[in-house]
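Contents: one structure, followed by commentary.
The values are calculated or read from the model by the stated rules, or taken from the named source; none is laboratory data. Here the structure is a predicted model, which is why all the values come from computation and not from measurement. Heads up, the Cβs are rebuilt from the backbone with ideal geometry, glycines too, and the neighbour counts pull from every protein chain shown.
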Amino acid sequence: MLAASRKSLLLDRLRRDGRIIAKEVAAELGLSEDSIRRDLRELDAAGLAVRVYGGALPASPAVADYATRTAVATDSKRRVAGIAAALIEDGATIILDGGTTTLAMVEALPRTFRGTIITHSPTIAAALLDHDADVFLIGGQLFKHSAVACGAAAVEAAERISADLFFLGVTGVHPTTGLTTGDADEAAMKRALASRAAETYVLASDEKIGAASRYAVLPLDAVAGVITDLSTNDPMSRELIDAGARLIHSSAVSGRS
(Lines give C-alpha, C1' and ligand atoms only; values in the text may rest on other atoms or scores of the structure.)
Protein backbone atom coordinates (compact mmCIF):
# COMPACT_ATOMS: atom_id res chain seq x y z
CA MET A 1 0.00 0.00 0.00
CA LEU A 2 1.35 3.41 -1.00
CA ALA A 3 2.09 5.93 1.74
CA ALA A 4 -0.61 8.31 0.47
CA SER A 5 -3.20 5.53 0.63
CA ARG A 6 -2.12 4.57 4.14
CA LYS A 7 -2.43 8.14 5.37
CA SER A 8 -5.87 8.46 3.82
CA LEU A 9 -6.93 5.26 5.58
CA LEU A 10 -5.49 6.50 8.89
CA LEU A 11 -7.40 9.78 8.62
CA ASP A 12 -10.61 7.85 7.88
CA ARG A 13 -10.02 5.77 11.01
CA LEU A 14 -9.45 8.89 13.08
CA ARG A 15 -12.74 10.36 11.90
CA ARG A 16 -14.59 7.09 12.46
CA ASP A 17 -13.08 5.82 15.72
CA GLY A 18 -11.65 8.94 17.32
CA ARG A 19 -8.26 7.30 17.86
CA ILE A 20 -5.66 5.07 16.21
CA ILE A 21 -3.69 2.32 17.94
CA ALA A 22 -0.59 1.82 15.81
CA LYS A 23 -0.07 -1.82 16.76
CA GLU A 24 -3.61 -2.83 15.78
CA VAL A 25 -3.58 -0.98 12.44
CA ALA A 26 -0.15 -2.41 11.57
CA ALA A 27 -1.37 -5.96 12.22
CA GLU A 28 -4.55 -5.39 10.22
CA LEU A 29 -2.65 -4.07 7.20
CA GLY A 30 0.25 -6.51 7.44
CA LEU A 31 2.75 -3.68 7.90
CA SER A 32 5.41 -2.88 10.45
CA GLU A 33 4.55 -0.61 13.38
CA ASP A 34 7.45 1.60 12.28
CA SER A 35 5.66 2.30 8.98
CA ILE A 36 2.46 3.31 10.76
CA ARG A 37 4.35 5.44 13.29
CA ARG A 38 6.17 7.20 10.46
CA ASP A 39 2.85 7.97 8.79
CA LEU A 40 1.45 9.28 12.08
CA ARG A 41 4.50 11.51 12.58
CA GLU A 42 3.94 13.03 9.14
CA LEU A 43 0.20 13.51 9.81
CA ASP A 44 1.09 15.16 13.11
CA ALA A 45 3.58 17.48 11.39
CA ALA A 46 0.86 18.43 8.89
CA GLY A 47 -1.54 19.27 11.72
CA LEU A 48 -3.93 16.45 10.82
CA ALA A 49 -3.38 14.25 13.88
CA VAL A 50 -1.85 14.42 17.36
CA ARG A 51 0.54 11.63 18.24
CA VAL A 52 0.15 10.04 21.65
CA TYR A 53 1.72 7.00 23.23
CA GLY A 54 0.85 3.98 21.07
CA GLY A 55 -0.98 5.85 18.33
CA ALA A 56 -2.74 9.11 17.53
CA LEU A 57 -5.86 11.21 18.17
CA PRO A 58 -7.76 13.61 15.89
CA ALA A 59 -6.21 17.08 15.68
CA SER A 60 -8.49 19.91 16.74
CA PRO A 61 -9.65 22.39 14.06
CA ALA A 62 -9.83 24.93 16.89
CA VAL A 63 -6.07 25.53 16.70
CA ALA A 64 -6.56 27.60 13.54
CA ASP A 65 -5.92 31.35 13.68
CA TYR A 66 -8.48 33.62 15.37
CA ALA A 67 -10.04 34.93 12.15
CA THR A 68 -10.55 31.41 10.77
CA ARG A 69 -12.13 30.19 14.01
CA THR A 70 -14.85 32.83 13.83
CA ALA A 71 -16.46 30.80 11.02
CA VAL A 72 -16.09 27.35 12.68
CA ALA A 73 -19.07 25.69 14.45
CA THR A 74 -20.82 29.03 14.95
CA ASP A 75 -24.21 27.53 15.85
CA SER A 76 -22.65 25.19 18.40
CA LYS A 77 -20.71 28.09 19.94
CA ARG A 78 -23.90 30.12 20.33
CA ARG A 79 -25.65 27.23 22.07
CA VAL A 80 -22.71 26.61 24.42
CA ALA A 81 -22.44 30.35 25.10
CA GLY A 82 -26.13 30.53 26.05
CA ILE A 83 -25.77 27.65 28.49
CA ALA A 84 -22.69 29.26 30.04
CA ALA A 85 -24.33 32.67 30.43
CA ALA A 86 -27.25 31.05 32.26
CA LEU A 87 -24.84 29.81 34.97
CA ILE A 88 -23.87 33.35 36.01
CA GLU A 89 -25.68 34.99 38.92
CA ASP A 90 -26.02 38.75 39.19
CA GLY A 91 -23.23 40.29 41.25
CA ALA A 92 -20.77 37.48 40.57
CA THR A 93 -17.12 37.94 39.73
CA ILE A 94 -16.19 35.90 36.68
CA ILE A 95 -13.08 35.31 34.58
CA LEU A 96 -13.52 34.99 30.83
CA ASP A 97 -10.90 33.26 28.72
CA GLY A 98 -10.22 34.47 25.20
CA GLY A 99 -11.61 32.88 22.04
CA THR A 100 -14.58 32.92 19.74
CA THR A 101 -16.86 30.88 22.00
CA THR A 102 -16.21 33.32 24.83
CA LEU A 103 -17.01 36.18 22.46
CA ALA A 104 -20.36 34.50 21.76
CA MET A 105 -20.83 34.22 25.51
CA VAL A 106 -20.41 38.01 25.87
CA GLU A 107 -23.17 38.43 23.31
CA ALA A 108 -25.40 36.05 25.31
CA LEU A 109 -24.73 37.80 28.62
CA PRO A 110 -27.35 40.47 29.45
CA ARG A 111 -25.92 43.97 29.14
CA THR A 112 -27.54 44.75 32.49
CA PHE A 113 -25.46 42.10 34.30
CA ARG A 114 -24.09 43.82 37.41
CA GLY A 115 -20.96 42.07 38.43
CA THR A 116 -17.25 42.00 37.71
CA ILE A 117 -15.63 40.47 34.63
CA ILE A 118 -11.89 39.77 34.50
CA THR A 119 -10.23 38.79 31.23
CA HIS A 120 -6.79 38.59 29.62
CA SER A 121 -8.29 39.10 26.17
CA PRO A 122 -8.44 42.65 24.74
CA THR A 123 -11.01 41.39 22.25
CA ILE A 124 -13.33 40.26 25.04
CA ALA A 125 -12.73 43.46 27.01
CA ALA A 126 -13.65 45.60 24.00
CA ALA A 127 -16.84 43.57 23.46
CA LEU A 128 -17.88 44.45 27.03
CA LEU A 129 -17.74 48.22 26.56
CA ASP A 130 -21.54 48.51 26.37
CA HIS A 131 -22.17 46.26 29.38
CA ASP A 132 -22.89 47.50 32.89
CA ALA A 133 -20.36 45.11 34.46
CA ASP A 134 -17.02 46.33 35.81
CA VAL A 135 -14.27 45.04 33.53
CA PHE A 136 -10.65 44.34 34.52
CA LEU A 137 -8.12 43.57 31.79
CA ILE A 138 -5.03 41.49 32.63
CA GLY A 139 -1.98 42.65 30.68
CA GLY A 140 1.10 40.87 29.41
CA GLN A 141 2.67 39.79 26.14
CA LEU A 142 -0.02 39.52 23.46
CA PHE A 143 -0.33 36.04 21.97
CA LYS A 144 -1.74 37.14 18.63
CA HIS A 145 -2.93 33.70 17.55
CA SER A 146 -5.64 33.73 20.22
CA ALA A 147 -5.71 37.47 21.01
CA VAL A 148 -4.87 36.95 24.70
CA ALA A 149 -2.13 38.06 27.10
CA CYS A 150 0.27 35.33 28.19
CA GLY A 151 3.74 35.07 29.69
CA ALA A 152 5.24 35.75 33.10
CA ALA A 153 3.67 39.19 33.58
CA ALA A 154 0.19 37.89 32.81
CA VAL A 155 0.57 34.89 35.12
CA GLU A 156 1.85 37.15 37.92
CA ALA A 157 -1.15 39.46 37.48
CA ALA A 158 -3.52 36.47 37.53
CA GLU A 159 -2.13 35.39 40.89
CA ARG A 160 -3.52 38.59 42.46
CA ILE A 161 -7.16 38.05 41.52
CA SER A 162 -9.96 35.78 42.67
CA ALA A 163 -13.33 34.96 41.17
CA ASP A 164 -16.45 32.87 41.55
CA LEU A 165 -16.35 31.32 38.07
CA PHE A 166 -13.83 30.89 35.26
CA PHE A 167 -15.04 30.05 31.77
CA LEU A 168 -12.18 28.20 30.14
CA GLY A 169 -11.59 27.88 26.42
CA VAL A 170 -9.62 24.91 25.08
CA THR A 171 -9.02 23.40 21.65
CA GLY A 172 -9.44 19.76 22.63
CA VAL A 173 -11.76 17.81 24.93
CA HIS A 174 -10.91 14.11 24.78
CA PRO A 175 -11.43 11.21 27.22
CA THR A 176 -7.78 10.17 26.87
CA THR A 177 -5.88 13.47 26.88
CA GLY A 178 -8.36 15.60 28.84
CA LEU A 179 -8.38 19.34 28.17
CA THR A 180 -5.71 20.54 25.76
CA THR A 181 -4.61 23.55 23.74
CA GLY A 182 -2.06 24.31 21.04
CA ASP A 183 0.47 26.51 22.89
CA ALA A 184 2.48 25.81 26.04
CA ASP A 185 2.42 29.38 27.40
CA GLU A 186 -1.30 29.67 26.77
CA ALA A 187 -1.86 26.39 28.60
CA ALA A 188 0.07 27.73 31.59
CA MET A 189 -2.00 30.92 31.60
CA LYS A 190 -5.23 28.94 31.54
CA ARG A 191 -4.08 26.88 34.53
CA ALA A 192 -3.15 30.07 36.40
CA LEU A 193 -6.63 31.52 35.81
CA ALA A 194 -8.35 28.28 36.79
CA SER A 195 -6.46 28.29 40.10
CA ARG A 196 -7.99 31.69 40.94
CA ALA A 197 -11.66 30.72 40.58
CA ALA A 198 -13.91 28.75 42.91
CA GLU A 199 -15.27 26.83 39.90
CA THR A 200 -14.05 26.37 36.34
CA TYR A 201 -16.34 25.52 33.43
CA VAL A 202 -15.11 24.50 29.99
CA LEU A 203 -16.66 25.99 26.84
CA ALA A 204 -16.75 22.90 24.62
CA SER A 205 -18.34 23.60 21.25
CA ASP A 206 -18.72 20.81 18.73
CA GLU A 207 -15.34 21.04 16.95
CA LYS A 208 -13.44 20.53 20.22
CA ILE A 209 -15.21 17.36 21.38
CA GLY A 210 -13.19 14.21 20.68
CA ALA A 211 -10.20 16.22 19.44
CA ALA A 212 -6.81 16.82 21.01
CA SER A 213 -3.97 19.33 20.89
CA ARG A 214 -0.33 19.19 21.93
CA TYR A 215 -0.37 20.79 25.40
CA ALA A 216 -2.33 19.64 28.43
CA VAL A 217 -4.31 22.24 30.36
CA LEU A 218 -6.21 20.26 33.01
CA PRO A 219 -7.68 16.78 33.47
CA LEU A 220 -11.41 16.40 32.93
CA ASP A 221 -12.13 15.79 36.60
CA ALA A 222 -10.34 19.02 37.64
CA VAL A 223 -13.16 21.28 36.42
CA ALA A 224 -16.71 21.78 37.67
CA GLY A 225 -18.23 21.00 34.30
CA VAL A 226 -17.82 20.76 30.54
CA ILE A 227 -20.48 22.87 28.82
CA THR A 228 -21.53 21.20 25.57
CA ASP A 229 -24.37 20.79 23.13
CA LEU A 230 -23.30 17.20 22.45
CA SER A 231 -26.25 14.82 22.43
CA THR A 232 -26.63 12.77 25.58
CA ASN A 233 -27.01 9.74 23.29
CA ASP A 234 -23.68 10.33 21.56
CA PRO A 235 -21.13 7.62 22.49
CA MET A 236 -18.55 10.35 23.15
CA SER A 237 -20.76 11.64 25.97
CA ARG A 238 -20.44 8.33 27.77
CA GLU A 239 -16.68 8.17 27.14
CA LEU A 240 -16.17 11.64 28.58
CA ILE A 241 -18.32 10.86 31.62
CA ASP A 242 -16.46 7.61 32.20
CA ALA A 243 -13.20 9.60 32.04
CA GLY A 244 -14.38 11.87 34.85
CA ALA A 245 -16.13 14.74 33.05
CA ARG A 246 -19.34 16.32 34.28
CA LEU A 247 -21.22 17.39 31.15
CA ILE A 248 -23.43 20.46 31.37
CA HIS A 249 -26.30 20.54 28.85
CA SER A 250 -29.07 23.07 28.39
CA SER A 251 -31.49 20.78 30.22
CA ALA A 252 -29.28 20.81 33.31
CA VAL A 253 -29.16 24.60 33.34
CA SER A 254 -32.88 25.04 32.75
CA GLY A 255 -33.54 22.77 35.71
CA ARG A 256 -31.59 24.96 38.12
CA SER A 257 -33.62 26.71 40.78
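In table form, for the structure just shown:
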| item | result |
| --- | --- |
| Condition met for A198 (in contact with a Phe, Trp or Tyr (Cβ under 6 Å, 6 or more places away or on another chain) and within 28 Å of E156 (Cβ to Cβ)) | no |
| Cβ-Cβ under 8 Å pairs, at least 6 apart or on other chains, the range 228-249 side in contact (Cβ under 8 Å) with a residue 60 or more places away in the chain and within 23 Å of A85 (Cβ to Cβ), far side of a type in the set (F, W, Y) and crowded, with 19+ Cβ neighbours inside 10 Å | I248/Y201 |
| All strands (runs of 3 or more DSSP E) inside the range 173-245 with 1 or more residues being modelled with pLDDT under 95 and in contact with a helix residue (DSSP H, G or I) (Cβ under 6 Å, 6 or more places away or on another chain) | 178-181, 215-218 |
